[in-house]
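**Student:** Quick one: the structure is below, and I'll ask about it shortly.
Each reported figure results from applying straightforward, stated rules to the coordinates on display, with no laboratory input. Owing to the predicted nature of the structure, the values given are computational and were not obtained by experimental measurement. Cβ sites come from the backbone with ideal geometry, for glycine too, and all protein chains shown count toward neighbours.
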Amino acid sequence: MKIKDHPQDYLQRVGQVLKSIDRSKLVSLIEKIASFSKTDKTIFIAGNGGSASTASHMACDLGKTVLVDSLGDKAYRLRVVSLTDNVPLITALANDYGYEHIFSEQLKNFGRSGDMLIVLTGSGNSSNIIQAVLTAKSLGIDTFGVLGFGGGKVKEILDDMLIIDSEDYGLVEDTHLIINHMLTDWFRNQNLNDGN
């Protein structure tokens, strides 16, 4: 393929993936997150690699960007934590217990029944994501996956999921971030329009 043709080709592929998203699953995810507003329950988010940065980004957006103003009386206040952000703790857990436990051990410290875990993953086969979901379920934490590649092993144990119809990491991760911004957009506009 010629360089000049690549941008159009890539954008077409992104568009095809976005068109294939199950809209009912997006609605379900918004509803689940909205139910946590102004409660003492926590939403945890986890992912590896590019998905780790999206987990951090999502926690930032759901924690701050959804707010109307600094007082936030009309805001969807959410307790949201990215399990990818404490690098010293992650490396200590990986070093002493194994990389597969970097998220699950954090959940054992902080997770409570009624909380929610959102996992972002391309393959759905990462051992640390699988362990996080198993631990969440043992603690009574609801689990939701935003997946690619057909969902992988983790789809068999999640409570709910949205599977992105692609086996291209770039397209899957692009879509993760678009979903994050779509969530943020809904909450921000609800704050501005409905007075809740």
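**Student:** Of the residues that make up region 127-140, is at least one charged (D, E, K, R), within 19 Å of residue 59 (Cα to Cα) and surrounded by 14 or more Cβ atoms within 10 Å (Cβ to Cβ)?
**Tutor:** Applying the first criterion (charged (D, E, K, R)) to region 127-140 yields 137.
With the extra rule that they be within 19 Å of residue 59 (Cα to Cα), the set shrinks to none.
No, there is no match, as no residue in region 127-140 is charged (D, E, K, R), within 19 Å of residue 59 (Cα to Cα) and surrounded by 14 or more Cβ atoms within 10 Å (Cβ to Cβ).
**Student:** For the structure I just gave you, tell me whether residue 44 is of a type in the set (Phe, Trp, Tyr) and under 22 Å from residue 128 (Cβ atoms).
**Tutor:** Working: of a type in the set (Phe, Trp, Tyr): yes; under 22 Å from residue 128 (Cβ atoms): yes.
Criteria met by residue 44.
**Student:** So, in region 86-112, exactly how many residues are outside any helix (DSSP H, G or I), over 16 Å from residue 142 (Cα atoms) and touching a residue at least 12 places away in the same chain (Cβ under 8 Å)? Working first, answer last.
**Tutor:** First pass over region 86-112, keeping only residues outside any helix (DSSP H, G or I): 86, 98, 102-103, 111-112.
Applying the additional criterion that residues be over 16 Å from residue 142 (Cα atoms) yields 86, 98, 102.
Next, from what is left, pick out any that are touching a residue at least 12 places away in the same chain (Cβ under 8 Å): 86, 102.
Number of matching residues: 2.
**Student:** Step by step: first the residues of region 141-161, then only those that are of a type in the set (Val, Ile, Thr) and crowded, with 17+ Cβ neighbours inside 10 Å, then the one that is nearest to residue 124 (Cα to Cα). Which residue is that?
**Tutor:** Per the stated criteria, the residue is 154.
**Student:** While we're on this one: Would you point out which residue out of 14, 81 is touching a helix residue (DSSP H, G or I) at 6+ places or on another chain (Cβ under 9 Å), among the β-branched types (Val, Ile, Thr) and either closer than 16 Å to residue 164 by Cβ or exposed (fewer than 15 other Cβ atoms within 10 Å of the Cβ) (or both)? Don't jump to the end; show me each part of the working.
**Tutor:** Working: 81 fails: either closer than 16 Å to residue 164 by Cβ or exposed (fewer than 15 other Cβ atoms within 10 Å of the Cβ) (or both).
The match here is 14.
**Student:** From the list 164, 178, pick out the single residue that is surrounded by fewer than 21 Cβ atoms within 10 Å (Cβ to Cβ), under 15 Å from the mean Cα position of the chain (by Cα) and among the β-branched types (Val, Ile, Thr).
**Tutor:** Values: 164 fails: surrounded by fewer than 21 Cβ atoms within 10 Å (Cβ to Cβ).
Among 164, 178, only 178 is surrounded by fewer than 21 Cβ atoms within 10 Å (Cβ to Cβ), under 15 Å from the mean Cα position of the chain (by Cα) and among the β-branched types (Val, Ile, Thr).
**Student:** Testing residue 120 on (1) touching a helix residue (DSSP H, G or I) at 6+ places or on another chain (Cβ under 8 Å); (2) over 24 Å from residue 64 (Cβ atoms); (3) not in a helix (DSSP H, G or I), one condition comes back false. Which one is that?
**Tutor:** Single failed check for residue 120: (2).
Condition check ((1) of a type in the set (D, E, K, R); (2) touching a Leu at 6+ places or on another chain (Cβ under 8 Å); (3) surrounded by 15 or more Cβ atoms within 10 Å (Cβ to Cβ)) across all residues:
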{"site": "4", "(1), (2), (3)": "yes, no, no"}
{"site": "8", "(1), (2), (3)": "no, no, no"}
{"site": "43", "(1), (2), (3)": "no, yes, yes"}
{"site": "46", "(1), (2), (3)": "no, yes, yes"}
{"site": "49", "(1), (2), (3)": "no, no, no"}
{"site": "92", "(1), (2), (3)": "no, no, no"}
